[in-house]
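The values are calculated or read from the model by the stated rules, or taken from the named source; none is laboratory data. Keep in mind that what you see is a predicted model, and the values were worked out from it rather than measured. Don't worry about glycine lacking a Cβ; one is built from the backbone with ideal geometry, like all the others, and counts go over all protein chains shown. The accessibility values were calculated without ligands, DNA or RNA, using every heavy atom of the protein model including side chains. Shrake-Rupley method; radii C 1.70, N 1.55, O 1.52, S 1.80 Å.
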Amino acid sequence: MTTLIDDRRVRARDASPARHFYLNMALACAATAFLGFAPTYFVPLAQRTFSASPVIHFHGLLFFTWSVYFVIQTWLAASGRVVNHRALGIAGVSLATAMTIFGFLASVHVMQHAAALGQKDAGIGFSIVPMSGIAFFAVVFVLAIVNTRKPEIHKRLMLLAAVSILDAAVARWFITFLAPPGPPGPPPVPVTIAPAVVASLLLVVAMVRDWRTDGRVHPVYIYGTLALLAVKVLNWPISESAAWHSFAGGILALAQ
């Protein structure tokens, strides 16, 4: 009995660094989201110089709430509070659902705003970026929920979902520090690829951790990262296709 108890303590001690790794990654995701949007949203909002549609504000609130939620969930798991972690997971389903809905509504709002600026085609083309992003997040989140009884898969899918929506925050760094001032309206779709690649570096960190601790990279990271980058790259040709302009243009027509 004493040997069994000691063995459990050793396994718990050895597992602790892994649990805290995901907590640290969640903190990194939250920091990236906050620092990315600070210059263009949080600071102007605090200074009362930022004006936007309620849809955009609620969209931002939901997505940043997700970052905080992800930190709380990984902290609960790292501290061994599995029951609380699972109970709060129910709230996560509702939050992810709301994010998907308002992510879509925000995409429609961007098209409407571009049309009002006389850039209807550019707005329709750019809408593939937020729509594909929220669709990817939703699919990965559903897969994570399906695999809740497989923690090694579940936690990696949750990290993949969190990283997949960070490209917008990273893009703000490019806008603030690298991009020259330009005309109002949606940017060209190709410029969204680089921020997605930078955000994916967090997944590279997770791959290196897998390699060092397990001697191999988990398939979730390999296929998930490839799928994420494929979506971001394919956004470019799809955004210029007649099929996408017909599809997204139809959504815009219904919204107006």
Quiz item: Mind checking whether some residue in region 73-90 is open to solvent by 40 Å² or more (accessible area, probe 1.4 Å), under 23 Å from Phe247 (Cβ atoms), in a loop (DSSP other than H, G, I, E, B) and out of contact with any helix residue (DSSP H, G or I) (no Cβ under 6 Å at 6 or more places or on another chain)?
Solution: no
Exercise. Considering only residues that are without any contact (Cβ under 8 Å) to a residue 24 or more places away in the chain and open to solvent by 50 Å² or more (accessible area, probe 1.4 Å), look in region 193-204 and name the one that is farthest from Leu234 (Cα to Cα).
Key: Val204
Quiz item: Taking region 239-256 on its own, how many of its residues are in a helix (DSSP H, G or I) and either in contact with a Pro (Cβ under 7 Å, 6 or more places away or on another chain) or open to solvent by less than 80 Å² (accessible area, probe 1.4 Å) (or both)?
Solution: 11
Quiz item: Among the numbered criteria (1) modelled with pLDDT under 90; (2) within 21 Å of the chain's Cα centre (by Cα); (3) open to solvent by 30 Å² or more (accessible area, probe 1.4 Å), which single criterion is violated by Met207?
Solution: (1)
Exercise. Could you look through region 205-243, keep only residues that are without any contact (Cβ under 8 Å) to a residue 12 or more places away in the chain and of a type in the set (Ser, Thr, Tyr), and pick out the one that is farthest from Trp173 (Cα to Cα)?
Key: Ser241
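Restricting to helices (runs of 4 or more DSSP H) lying wholly in region 99-177: which have 1 or more residues that are β-branched (Val, Ile, Thr) and open to solvent by 70 Å² or more (accessible area, probe 1.4 Å)?
Values: elements: 120-126, 128-146, 151-164, 167-173.
Helices (runs of 4 or more DSSP H) meeting the threshold: 128-146.
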Practice problem: Starting from region 25-42, keep only residues that are touching a residue at least 24 places away in the same chain (Cβ under 8 Å), then list their pairs with residues that are of a type in the set (Phe, Trp, Tyr) and open to solvent by less than 30 Å² (accessible area, probe 1.4 Å) whose Cβ atoms are within a distance under 8 Å, requiring at least 6 positions of separation or different chains. | Solution: Ala26/Phe70; Cys29/Phe70; Ala30/Phe70
Quiz item: Is there any pair with a first residue in region 146-166 that is over 15 Å from His218 (Cβ atoms) and of a type in the set (S, T, N, Q) and a second that is part of a helix (DSSP H, G or I) and open to solvent by less than 10 Å² (accessible area, probe 1.4 Å) whose Cβ atoms are under 6 Å apart and which are 6 or more apart or on different chains, and what are they?
Solution: Ser164/Phe137; Ser164/Leu228
Practice problem: Go through the residues of region 172-189 one by one and say whether even a single one is in contact with a Phe, Trp or Tyr (Cβ under 7 Å, 6 or more places away or on another chain), farther than 19 Å from Val140 by Cβ and modelled with pLDDT of 95 or more. | Solution: no
